[in-house]
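The values are calculated or read from the model by the stated rules, or taken from the named source; none is laboratory data. Quick caveat, the model's predicted, so the values are computed rather than measured. Glycine gets a Cβ as well: all are built from the backbone with ideal geometry, and neighbour counts include every protein chain shown. When the accessible area is computed, the model is the full protein with side chains, heavy atoms only, and any ligands, DNA or RNA have been set aside. Shrake-Rupley method; radii C 1.70, N 1.55, O 1.52, S 1.80 Å.
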Amino acid sequence: MSAEQAHSDGSASAEVAARVERRWATIAVIIIVMMALLAAFAGIHRATMPQPRVETTDPSRLHLSGEFVESNLGSVLEANGNVTVRAIGQQYSFTPACIVVPSDTPITLRATSADVVHGILIQGTNVNTMLVPGYISEQLMRFAKTGDYLMPCQEFCSFGHEGMWGKVKVIDKAEFADRAKGGGRLSCVGQ
């Protein structure tokens, strides 16, 4: 093989490599442009299509009247067998600090904040919601097994945030029904 043949074979393979690289670069640019367009569309669509239902409340009057008065906080068994939990996040606690719920039951958590943005994260589950002052957050949940679940505030709310913890106590469905017979709101505070 002569030096000229080796040089021409090398330049031919370099041309092929350059052509392949241009194709891959073009494909990569097309993918990036498509992803940017999809992100822009999703952002614009989300901004022009707000949530179908937004509930508001006056955070300065939470404990005085309405859905989040002190006597209405905690778990309640509804007539249809579902459970509704109402809670408030405030610096640096959740009220009630311990929520009791039954296993294998549809549960609706309705919560809000009295002061700044807080977050409810129930560890070991997919329950994760923000509590924004003036707005009511609603989260649907269901627990398959009994036990205690930690519930830290997962939004930095100021100094003292690291001590803002709550607990969710999941008990047997029949035991919950027995406790709920007396009416009123249930919690496991002090237990």
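Structural remarks
- Matching residues, segment 163-182, being in a loop (DSSP other than H, G, I, E, B) and either of a type outside the set (A, V, I, L, M, F, W, C) or within 24 Å of Asp104 (Cα to Cα) (or both): Asp172, Lys181, Gly182
- Selection of segment 95-106 for residues being assigned to a strand (DSSP E or B) and in contact with a Leu (Cβ under 7 Å, 6 or more places away or on another chain) yields Thr95, Val100.
- When segment 45-86 is limited to residues that are small (Gly, Ala, Ser), at pLDDT 85 or above and under 23 Å from the mean Cα position of the chain (by Cα), the one that is surrounded by the most Cβ atoms within 10 Å (Cβ to Cβ) turns out to be Ser75.
- Within segment 129-162, the residues that satisfy the criterion of being open to solvent by 50 Å² or more (accessible area, probe 1.4 Å), part of a strand (DSSP E or B) and either touching a Pro at 6+ places or on another chain (Cβ under 7 Å) or closer than 24 Å to Phe176 by Cα (or both) are Glu138, Leu140, Asp148, Leu150.
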